[in-house]
1. Which residue out of VAL64, VAL51, VAL73, VAL86 is surrounded by 15 or more Cβ atoms within 10 Å (Cβ to Cβ) and closer than 20 Å to TYR234 by Cα?
2. Any residue in the stretch 144-171 that is at positive phi sitting within a Cβ distance under 7 Å of a residue that is part of a loop (DSSP other than H, G, I, E, B) and not aromatic (Phe, Trp, Tyr)? List the pairs, counting only those 6 or more apart or interchain.
3. Mind listing whichever residues of the stretch 38-68 are of a type in the set (Val, Ile, Thr) and under 14 Å from TYR28 (Cα atoms)?
4. I need a count of the residues in the stretch 196-246 that are part of a loop (DSSP other than H, G, I, E, B) and more than 30 Å from THR277 (Cβ to Cβ).
5. Identify, from the list GLN393, GLN397, GLN365, the residue that is surrounded by fewer than 14 Cβ atoms within 10 Å (Cβ to Cβ), on the phi < 0 side of the Ramachandran plot and out of contact with any Asp or Glu (no Cβ under 9 Å at 6 or more places or on another chain).
6. As an exercise: evaluate THR269 against (1) of a type in the set (Ser, Thr, Tyr); (2) in contact with a strand residue (DSSP E or B) (Cβ under 6 Å, 6 or more places away or on another chain); (3) more than 30 Å from LYS350 (Cβ to Cβ) and give the number of the one condition it does not meet.
7. Can you confirm whether ASP62 is within 25 Å of the chain's Cα centre (by Cα) and more than 15 Å from ARG184 (Cα to Cα)?
8. Does ALA384 fit the bill of being surrounded by fewer than 19 Cβ atoms within 10 Å (Cβ to Cβ), out of contact with any Ser or Thr (no Cβ under 9 Å at 6 or more places or on another chain) and among the small types (Gly, Ala, Ser)?
Amino acid sequence: MKPQFWLSAFLLVLLFMPRTVVRADQRYVITSAKDNVHQDTWTLSGENWSVSKRTLHGGKQDGVDLITIDNGVMQIDVIPTRGMNVYEVRSGDIRLGWDSPVDEIVHPALIDLESRGGLGWLEGFNEWMVRCGLEFAGHPGTDEFVTNTGDTATMELTLHGKIGNIPASEVEVVVDSNRPGRIRLRGVVYEKLFNGPKLKLVTELSVVPGESTFRIDDTIENQGGQQQEFQIIYHANFGAPLLGKDAKVHAAVKSVAPMNDHAAGEIDTYATYDEPTTGFAEQVYLVEPSADENGKTIAVLQNANGDRAASMQWTVDQLPYLTLWKNTAATQDGYVTGIEPATGYPFNRKVERQAGRVPKLDAGQSRRFTLDFTLHRNKEDVDAMIQKVKAIQADHQPIVRRTPPAN
């Protein structure tokens with residue numbers, strides 16, 4: 001046969017044979033300091049999902065960017081202007097968030113972190129999840145540092161650091177081309193200064209359409225030329241409707257201790273909650289989580305009826321410590337509890353350093369942190385997740401320390 005026939009036949013086979021089409025992920029830039037881009041309003045939608053961005057106006061929220069991801073069953077509000085903090089998560093009658101006395105989403109330009117003895121961070125505190133760090137986190141107070149001349153000097157640390165009040169420099173939405181088409185909201189936040197830390201935080205919150213689970217996947221990088229300390233606390237805050245009288249937190253616990261003498265008196269009931277109580281003084285408990293054979297641990301907050309809950313899962317290699325913050329004060333004063341995986345506890349950095357709980361990054365080194373959150377809408381689902389906690393706990397009885405740490 002003529003060569004032309006074989007060539008034609010070969011081309012026909014190529015034309016009709018099954019093929020896998022590779023499509024690039026869809027990427028949409030919302031904010032870029034590098035490219036001088038900023039979308040005041042923006043919307044992207046697909047089958048049963050959407051992502052929208054708007055700019056808030058009026059009062060202390062004027063100029064704040066808010067991005068809402070709707071995956072068909074959940075709506076998640078993220079605040080690029082406030083370090084990519086998560087303001088609220090809503091799904092039917094479940095809400096992750098709380099009713100803070102701070103009504104508006106406050107622009108960081110209006111926050112004075114040094115006010116009230118270093119407690120100015122509280123002037124904008126109303127999010128469901130706020131990252132604390134990065135150079136330092138925890139209680140305000142005096143710490144030491146080495147100056148650019150090599151001398152030792154003192155500095156006044158403010159409550160929970162700066163990262164939650166730094167606007168994101170880069171924000172983008174990425175939609176995966178492969179099924180199930182995960183939707184990713186990414187942000188880049190810098191905490192850098194001359195003769196100081198040079199830390200880069202790359203955040204990602206992602207969801208799959210139709211699922212009741214979402215993921216936070218962060219990377220902290222030291223962009224400086226020498227070793228750098230860092231701290232991070234994932235300060236997740238829950239109010240009604242999950243929080244209420246007889247609500248309970250379930251966690252796999254290796255040990256638990258009170259943070260101070262006041263909390264020590266109630267340590268036997270550290271895992272259960274009361275109704276809003278006027279004049280309640282906060283109680284804080286320091287937990288060392290247990291983990292399964294893969295290093296995974298779980299914490300679950302269930303409502304009083306046991307038919308609604310939120311769970312969070314992470315690895316103890318990344319976040320080896322857990323703080324439980326109980327603030328069951330009057331509703332108008334902020335009825336809330338914090339479930340807070342972290343690289344350490346919320347003592348002042350000087351105390352944490354002495355206890356060996358302040359990690360370091362070498363020049364160019366990075367650390368990754370991944371947390372998975374799930375909403376549970378019926379008793380069977382809640383019970384199943386609690387059983388997973390019990391399986392990690394197994395027959396290991398928690399060590400209950402009835403006095404605060406010596407430091």
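The values are calculated or read from the model by the stated rules, or taken from the named source; none is laboratory data. For clarity, every value in this text was computed on a predicted model and none was experimentally measured. A quick note on method: Cβ atoms are made from the backbone with ideal geometry, for glycine too, and the neighbour counts reach across all protein chains shown.
1. The match here is VAL86.
2. Correct list of pairs: HIS160/ALA137; HIS160/GLY138; GLY161/GLU135; GLY161/ALA137.
3. Answer for the stretch 38-68, where residues must be of a type in the set (Val, Ile, Thr) and under 14 Å from TYR28 (Cα atoms): THR41, THR43, VAL51, ILE67.
4. So the answer is 13.
5. Exactly one of GLN393, GLN397, GLN365 is surrounded by fewer than 14 Cβ atoms within 10 Å (Cβ to Cβ), on the phi < 0 side of the Ramachandran plot and out of contact with any Asp or Glu (no Cβ under 9 Å at 6 or more places or on another chain), namely GLN397.
6. Failed condition: (2).
7. The answer is yes for ASP62.
8. So ALA384 passes the test.
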